[in-house]
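Structure first, commentary second.
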Amino acid sequence: MITGHHFQNAYICDNIEAAIAAFAERADIGDVRPFDTEQQLWTPDGMKRVATRLAFIWIGDLQYELIQVTADETGIYSHYQDNGGVLHFHHSCARVSDWEAFRAAVSAQELPVVLERANEGDQLKFLYLDGRAFCGHYLEFTWMTDEMWPRLGGPVA
């Protein structure tokens with residue numbers, strides 16, 4: 001399933017500060033401040049804990065998400081191709097405008113859902129499809145309120 005507006009490429013990194021420094025050597029990224037998050041996420045095997053240190057870097061209309069994993073009960077974040085570099089590509093992300101319609105379409109396609117957070121009232125919902133057999137990586141899809149988009153640094157037209 002490929003749909004929505006692609007706005008993000010995400011990378012696993014063992015050292016988020018080194019990854020930010022590598023971006024800063026190559027682009028004007030401004031003041032990037034990593035932050036810690038911990039979530040309970042739905043998986044086919046039940047709710048699982050994921051704790052990460054995240055940073056978001058915008059260059060033009062593309063966001064680079066840097067993910068330093070501190071705890072991963074899902075195993076999702078260990079599924080990346082190690083290239084020996086500072087960054088390891090993990091997934092792309094597209095924003096969808098209608099979560100319910102998107103979720104219905106997900107049920108009618110063959111790629112399995114491996115991770116999801118879509119609680120009632122959330123201003124941001126997301127899920128991962130396992131696209132590794134198709135394109136070599138996970139496919140994240142997210143829905144968010146229009147107010148949330150600029151809070152994540154999204155370009156406003």
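The values are calculated or read from the model by the stated rules, or taken from the named source; none is laboratory data. All values reported here derive from a predicted model rather than from experimental measurement. Because the Cβ atoms are built from the backbone with ideal geometry, glycine has one as well, and the counts that use them run over all protein chains shown. All accessible areas refer to the heavy atoms of the entire protein, side chains included, with ligands and DNA or RNA removed. Shrake-Rupley method; radii C 1.70, N 1.55, O 1.52, S 1.80 Å.
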Requested in this report: Among the trypsin sites (Lys or Arg not before Pro) in segment 1-88, which ones are in a DSSP loop with at most 14 other Cβ atoms within 10 Å of the Cβ? Mind listing them?
Outcome: ARG26
Query raised in the report: When all protein chains stay in place, what accessible area (Å², nearest 10, 1.4 Å probe) is found for LEU62?
Result: 40 Å²
Query raised in the report: If R0 is 35 Å, what FRET efficiency do you get for SER97 and ALA71 from their C-beta distance, rounded to 0.05?
Result: 0.60
**Report entry** Two-decimal Rg to Rh for segment 27-157 - Kirkwood Rh, Cα set
**Finding:** 0.94
Requested in this report: Quick one: work out the % antiparallel among DSSP beta bridges in the chain, nearest 5.
Outcome: 80 percent
Report task. Choose one answer from ASP82, ASP98, ASP45: the residue with the largest mean-square fluctuation in a GNM of the chain with alpha-carbon springs under 10 Å. Result -> ASP45
Query raised in the report: Using θ = phi - 60° and the Karplus form 6.51 cos²θ - 1.76 cosθ + 1.60, what ³J(HN,Hα) does each residue of segment 128-134 get, whole Hz, x for Gly and Pro?
Result: 10, 9, 7, x, 4, 5, 8
Report summary line: Low-density loop GluC sites (Glu not before Pro), segment 85-157, at most 16 other Cβ within 10 Å, DSSP non-H/G/I/E/B, are GLU110, GLU120, GLU147
Report task. Using a cut-off of 11 Å between beta-carbons, work out the net charge of the residues near MET144 (Lys and Arg +1, Asp and Glu -1, MET144 not included). Result -> 0
Query raised in the report: In the chain, carbon and sulfur make up what percent of the accessible area (probe 1.4 Å)?
Result: 48 percent
Query raised in the report: With no solvent and one point per C-alpha, what does the Debye sum give as log10 I(q)/I(0) for segment 88-157 at q = 0.15, 0.17, 0.20, 0.23 Å⁻¹?
Result: -0.53, -0.66, -0.88, -1.07
Query raised in the report: What number, rounded to the nearest 500 deg cm²/dmol, is the helix-based mean residue ellipticity at 222 nm of the chain, given -39500 (n - 2.57) per DSSP H run of at least four residues and division by all its residues?
Result: -4000 deg cm²/dmol
Query - Per residue value of the accessible surface for the chain (all protein chains in place, 1.4 Å probe), Å² - result: 53 Å²
